Structures are given as structure tokens and as C-alpha cells.
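Engineer: One structure is given below, represented as C-alpha cells, and several questions about it will come after.
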2 protein chains.
Amino acid sequence: MYSETVARPAVSRATLSRVAADASVSISTVSKVLNGRMGVSDSTRARVEELLRDHGYNRRNSGLSVAPLIELVFDAIDSAWAIEIIQGVERISRENGMSVVLTESGDRHSPSPDWIDGVMRRRPAGVILVFSDLSADHKHQLRVRNIPFVIVDPAGDPAPDVPSIGSANWSGGYLATRHLIDLGHRRIATITGPDDMMCSTARLSGYRAALEAAGIKSRDDYIVGGEFHHEDGIVRGRELLSLPDPPTAIFAGSDLQALGVYEAARAMGVSIPDDLSVVGYDDLKIALWAGPPLTTVRQPLTEMAEEATRLVIRLRNDTQVDNLRIDLATSLVVRGSTAKLVTS
Amino acid sequence: MYSETVARPAVSRATLSRVAADASVSISTVSKVLNGRMGVSDSTRARVEELLRDHGYNRRNSGLSVAPLIELVFDAIDSAWAIEIIQGVERISRENGMSVVLTESGDRHSPSPDWIDGVMRRRPAGVILVFSDLSADHKHQLRVRNIPFVIVDPAGDPAPDVPSIGSANWSGGYLATRHLIDLGHRRIATITGPDDMMCSTARLSGYRAALEAAGIKSRDDYIVGGEFHHEDGIVRGRELLSLPDPPTAIFAGSDLQALGVYEAARAMGVSIPDDLSVVGYDDLKIALWAGPPLTTVRQPLTEMAEEATRLVIRLRNDTQVDNLRIDLATSLVVRGSTAKLVTS
DNA sequence: CGGGTACTCCGAAGCGATTCGGTGTCAGGA
DNA sequence: TCCTGACACCGAATCGCTTCGGAGTACCCG
């Protein structure tokens, strides 16, 4: 019966021999499955893995079977963005007696094959992925070993049973655009992030919704895309400002892009905020330091990281965890880069 | 002999029997000590504990005696500064099949007591400290276990046998000041970092040397100190610009400080670079993005981090390593925040 | 001096897990 | 039909560790 495998009393420890007996195989075979050795048929391996999981098998007696480690995986550690996440994860981990293993996967969609081997060796208490998704195989391996994982700001739309921490991207896009509209702007362009990321598309959708609500038709030539980097802000900003009918306001997909727009504007003699209003996204520290200070949508990165860490620890410790998907609120921070449109 | 403790083979795993043999007691006794059971005299317990530590005994499994881990310790992960270091360490570690454990010590002088316990449990291949120094006790513990460590940008003047990676701070200070002198400036102020950090004092010394070489007397009221943060740049910048005889150029101790000076100048209606030239230090990405782009002393942070990682790996693998103290070159990057002094 | 007691420590048994050599099975080829 | 090699799986040996009973020893008290 199903309930039998789930409601295992856990009074007595799970051992290889127990699992072996349940699976009707030898102890050696179970050991091989456990250590990923070859010489086990796929069907047997699957059956044994299933049973290992059901038994909640815990790598050698109950003592210290999991290392006090949290794995933190970035697709790229390439901006001040990452710092805020790292800080949040590190702090909460430390408060819970955990250390942080940091990995740069180099690929947005899945960490390298080597990575999972290292994780299996280290047996961390949990895994936190930023942006990166996991391959089905990796997810399966983690689940078999009972290692919980959480995705921060998931790139695609993750499966419903994958715990994730996000933020209210649609609202962010809406708020930013609405703010510009309230200032009198009508020609409002936006620079988005990559198309395949949910956060980008949600923000774009918020942007469109705000325009529509104000009765402004959205224009395709005012919607340009790129990565979230500074460079993209420069290039796309220049393109937008070179249009025959240039926008009077730009909603950038990130603070870095917004600073790129600053640079493009500077190079073209366009003054911010007099000739052009700019809104960023993220509220990194540099947003405050820019000249003029950047109006931006505050995304609580550190809080998201902290929440993700707490969630992954809860998933490890508690049998039942609610709220597997948490979205934190975004808010608009108005500074000096946006101004009332002066109709000349 | 010194070399004896260093040249521990570390080839085979630590086992109870090995420790027992060394301590001339039975395996059972060691087991009891390990598990805090009674029935062991205080003297024996102390001796066994000592040996367990020396062997780096690490509680069952884990096969190898050293984990493929590099410990990276910051006093504070609080600026874009850290990103560049982290990236460098992570990249080289990964290339060498290592993962990175990141810790924020919260204290510039020595990581918390808990920290060393974690390190001993993990048995990393090496430790990289940024800024933070180590207590004599921690150094001893690491040396006994044959875990090499490297200090990046050492705060104080480290002992001669402590491997370290620095940069040419004196030259950096000299170059920056010289550049300002060459532009015709005579009233050149500087904002330093903390007094107790070697990098600060070396830069200050370079600053003084450049002034002296040009026959300019250094003024005490032009030398102000603070932390390396943005906030300090604002406060100190405002102070300097409020002097009855304000400087026409400021050499800041960091890019963050320099951006703080930008803000102070903006608030006081002082234009950069027309009324005030500013030189930063570090060449973070934001230096390029600032308006105007910041003239700064490039400190090769990523290269320093990479070099530190390579060094720590060499220290682990090779019996003999030369060049325990490496200083990388600094260079001046001239951008838009410095200009010829216009004598009015 | 003899016997009891408390303490320290060891040896052997036993357990969980890994590993290696070996066995059974099955498919393909002569 | 038999041989052969690949593969899946098992059993026994072994390893690392814990535990328990008991031996050795020092000390105290009569």
C-alpha cells in the first residue's frame, strides 16, 4: 500500500539490508545504486531508488548524514545583482549553522553535469538556484537523496511542485509604467530582458497593461529586447533615442540597462530627466549612486534570498511545508531620473 | 622540524585505528572520545582529541581526506568589490575541480570561532582570506592539518611566511597623485581607507611621495580618512569641499568613495571635472558607468583572486613553492572625471 | 594485609557498507 | 548444438566503527 511507504515510522534506521529486502535484491546491488556504480539494470536501479527514497535512506547511520551546507548556484555571477542574493543566503545560512557553497553554472538552464556529482558527494542540506532551472534528471537525483531545492526568480515557468521564490514582476512593470504616465509621458519605450525568462515577460505584460489602462496604444518599435547588462542599455538606448519619433521615457529591464541608457543619453546630448525620464529595475545600490539617482522598481533581492534559504531549510527539517511558491512584493522608488513631461 | 608538519602526506584517510596507534590506545578508547562517552581519563581524552584534530579526522565516510573545496572568507561581502574576487576564485577553482565555500566573517581581523570548526569538519584543500587576517591559533590549526591559506590584500603586515597576494598600492597612490599634478593641480586632497590597513597606508605614502617629488607640501587638512564606502565619500567629500581653501582635486581611496564625492559635489553645485577632478581606486565596473566616467587606479581584482586561487592550489599540491608573496601591478585608467586645472 | 570499589582501558563481537570475484543468464555466431 | 562474451546480480571478505563484558590497577577501609 502507498500509505505504508509514506508513513514509515522512522523509529528504526533505514539500512541497506532493509531496502534490499524490500526490493528483493542483494545488499550489494543497493549499494551500487546508491553510489551510482554501473552493473545495475535500469529497471532495478529505478525500483531501488524509489525504495531508497521511500525509506528516507540517509547515508550511513542517522548521525551526521547531511553536511551543514547550502548549495547556491548562479547562472552567472556577473553583476551587483548577485551580491545582494549572496549576502542574503549567506546570512540566513550562517544563522542556521550552515555554510554556503557557491557555483557559477555558466548556463541559464541547467548546471553542468560535473556539478551534480559534486553535490552528491557533499550531501548538502539544500540547493538554491538563481535563475537556473534544473534538468529532470538532476531534479530526480536530488529528490532521491532527499535534498530539497528552491529556485529564486525562476527563468521559465517551473513545474508546480518546484518550490520557488519570485517577486511581483507584473506589478513592477505596471507601477513603473504607470508612474511615467502619471508624469505626463505618452511616448514610453521599454527595454526588456531575455524573452525566455518569465520575469521579463511578466514585466512587459505589466507595461502593456498600464499603457492600455491609460488608453495609450503600445508601439512595437518602442519595445526592444536584450540581456540585462549595461551594454544592452547603451545599444538599445541609442537605438530608441535615434528613432524619428523618440520616446520621452524609457523603462529599462534592470538598473544596469538603465545606466547604459544614461550613457547613451549622455553621448547623444540628451539630458536626464529633463529630456528623458528613465526607470530602472532592481534597486541595486548603484541606482542610488548614479547621477541623477535612478528611479527604479525595488525588487527585494536580499529578502528573496533570505526567504529562499529559510524555505529550503524548512523543506529539509519539516515533514510538511506550505507555501511552496512565494512572490514578494515590488515597489516603486522615485528618485531623480524621472520628471514631469514638459510639453514644448 | 618545521618541514615535518608541512609535509604530511595526507594520501590516506584518517581512521580510528590510525589515531589509536598514534595515541597508543585502543580503537575503542578513541571511539569513546569521539562520541563523548565516559570512561576515559582526562589526560587520555585530551591526547586523543589532539590527535584526532591533527589527523583531521572527519567523522566517517567522505573517502578522501581532503574535500575538493576552497574556503573563501570575506570580512564583509558588501560591495561590487567582492563580486570580482568571487568570480576569479570561483573560475579557477572550478577549472581545478574545486568548489567554493563562501563565508562572511563579519570581522576584519579574524573569522569567528565557529568558523574554524566548520573548516576542520570540511577539510578543504585551501583557504583564501580577503582582508581578514587569521589569529595565531587558527593559523596553527590550519598548518597542523596541512591546509594552506593565502591572504588577498592583507590588512596588516602579515608574517613573512604567510602567503599573500596584493597589489602595488604605493604605485597606485603615486600614479593617481602624479596624474593630478600633471594636470596642473596643486591643492590635491585624499580620502584614505582605514588606518590599520596596509593598502590604505601604502597608497597614502604614494600620494605623499608624489606631492613631495613635485615640491608640493602635503597638508594635514587635505588628508581625511574613513571606510571604503560610498557614505564616507559623501561625508568626507563634503568636508573637504567646505574647507575655506577647498581642494581642486580629490584622490579617493575607492571607487565607491569617489562616487560619494560625486554626490557631495552634485549637492554643493560643484561640477566634475570642471571644478573638481576626482580619481578613484579599484576600477570596478561602476567606475566606467558613472557620469562622468571615473578616472581610477585599476587594481586587478579578478586577477588577484585568480592568482590567489592558483597559489593555494600549488601550495596544496607541490612540496616546494616559490613566490609566496605576489604583488600585481596597478595602472591608471584615465576617463572623464579628471581635467586640466583651469586657473581663473 | 585482604577485600571491596571505582576507574580506566582493552578485546572481541557485531553491525552497516563497500568491494571483488564469481555465477547464472541470455544473445549471437560457428 | 555448443561456445563465447556481455551483463546483471549475488556472496563473502573486509573495513570502519560501536558496544559490551571483563581485565588490570589504584585506592580506601577494615
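The values are calculated or read from the model by the stated rules, or taken from the named source; none is laboratory data. On a predicted model such as this, the values are computed, not experimentally measured, just so you know. Ideal geometry is used to build each Cβ from the backbone, glycine not excepted, and the neighbour counts take in all protein chains shown. What goes into the accessible areas is simple: the full protein's heavy atoms, side chains included, and nothing from ligands, DNA or RNA. Shrake-Rupley method; radii C 1.70, N 1.55, O 1.52, S 1.80 Å.
Engineer: Helix-only mean residue ellipticity at 222 nm, the protein assembly as shown, DSSP H runs n ≥ 4 weighted -39,500 (n - 2.57), per residue, nearest 500. What is it? Intermediate results must be reported in sequence, preceding the final value.
Structural biologist: Working: 26 runs with 294 residues, N = 688.
Using -39500 (n - 2.57) per qualifying helix, the result is -13000 deg cm²/dmol.
Engineer: When the gyration tensor of segment A:169-299 is built from Cα positions, what are the square roots of 5 times its three eigenvalues, in whole Å, from largest to smallest?
Structural biologist: After scaling each eigenvalue by five and taking roots: 19, 17, 14 Å.
Engineer: Using a Gaussian network model of chain B with C-alpha springs under 10 Å, which one of B:T190, B:T309, B:T44 is most mobile by mean-square fluctuation?
Structural biologist: Its mean-square fluctuation being the largest, the pick is B:T44.
Engineer: Write down the accessible area per residue of segment A:126-237 in Å², having rolled a 1.4 Å probe over the full set of protein chains.
Structural biologist: Counting only protein heavy atoms, the per-residue value for segment A:126-237 is 37 Å².
Engineer: Continuing with this model, one more query. Using a Förster radius of 51 Å, what is the FRET efficiency between A:D195 and B:R325 based on their Cβ-Cβ separation? Nearest 0.05, please. Can you show the working numbers first?
Structural biologist: Values: r = 49 Å, r/R0 = 0.97.
Computed FRET efficiency for A:D195 and B:R325 comes out at 0.55.
Engineer: May I pose another question? Can you work out the FRET efficiency for the pair B:E231 and A:R121, with r the C-beta to C-beta distance and R0 = 41 Å, to the nearest 0.05? Please report the intermediate quantities before stating the final value.
Structural biologist: Details: r = 43 Å, r/R0 = 1.04.
Result of the calculation: an efficiency of 0.45.
Engineer: Here are some pairs, A:K32/B:K32; A:K139/B:K285; A:K217/A:K340; A:K285/B:K139; which of them have Cα atoms lying more than 24 Å apart in this structure? If you can, show how the numbers build up before the last one.
Structural biologist: Values: A:K32/B:K32 31 Å; A:K139/B:K285 36 Å; A:K217/A:K340 20 Å; A:K285/B:K139 36 Å.
Pairs exceeding 24 Å: A:K32/B:K32; A:K139/B:K285; A:K285/B:K139.
Engineer: Can you give the Kirkwood hydrodynamic radius of the protein assembly as shown from its Cα pairs, in Å with one decimal? The partial results should precede the final answer.
Structural biologist: Working: mean 1/r = 0.0359 Å⁻¹.
One over the average 1/r among Cα pairs gives 27.9 Å for the protein assembly as shown.
Engineer: Compute the relative contact order of chain A as a whole-number percentage, counting only Cα pairs closer than 8 Å that sit 6 or more residues apart in sequence. Before the final figure, lay out the partial values.
Structural biologist: Numbers: 646 pairs, mean separation 55.4, N = 344.
Reported relative contact order: 16 percent.
Engineer: Right, another one. Using a 1.4 Å probe and counting only protein heavy atoms, how much accessible surface gets buried when A and B come together, both sides summed, in Å² to the nearest 100?
Structural biologist: 3000
Engineer: If ligands, DNA and RNA are left out, what is the accessible area of A:I223 with a 1.4 Å probe, given in Å² to the nearest 10?
Structural biologist: 40
Engineer: Something else about it: Top mean-square fluctuation among B:N96, B:N169, B:N146, Gaussian network model of chain B, C-alpha springs under 10 Å?
Structural biologist: The residue with the greatest mean-square fluctuation here is B:N96.
Engineer: May I pose another question? With viscosity set to 1.567 mPa s and temperature to 4 °C, compute the Stokes-Einstein D of chain B, Rh being the Kirkwood radius across alpha carbon pairs; µm²/s, no decimals.
Structural biologist: 58
Engineer: Excluding ligands and nucleic acids, what accessible area in Å² is computed for B:L34 using a 1.4 Å probe, to the nearest 10?
Structural biologist: 50
Engineer: Taking the Cα centre of each part, how many Å lie between segment A:69-112 and segment B:75-138?
Structural biologist: 14
Engineer: Please give the length that would be gained between A:E50 and A:D182 if that part of the chain were fully extended, namely 0.36 nm times their separation in residues minus their C-alpha to C-alpha distance (nm, one decimal).
Structural biologist: 41.8 nm
Engineer: Can you pull the percent of segment A:236-344's accessible area that's carbon plus sulfur, 1.4 Å probe, other chains left in place?
Structural biologist: The value for segment A:236-344 is 50 percent carbon and sulfur by accessible area.
Engineer: What nm value, rounded to one decimal, do you get for the distance between B:S17 and A:D137 when each label is placed 7 Å out toward the C-beta?
Structural biologist: So the two model labels end up 3.8 nm from each other.
Engineer: Could you state the angle between the C-alpha long axis of helix B:113-122 and the longest principal axis of the C-alpha atoms of chain B, as a value from 0 to 90 degrees rounded to the nearest 10?
Structural biologist: That helix lies at roughly 60 degrees to the long axis.
Engineer: Now for a separate question. Using only protein heavy atoms and a 1.4 Å probe, report how much of A:M304 is accessible, in Å² to the nearest 10.
Structural biologist: Around 0 Å² of this residue is reachable by solvent.
Engineer: Whole Å is fine, so just give me how far the alpha carbon centre of segment A:230-300 lies from that of segment A:183-222.
Structural biologist: 15
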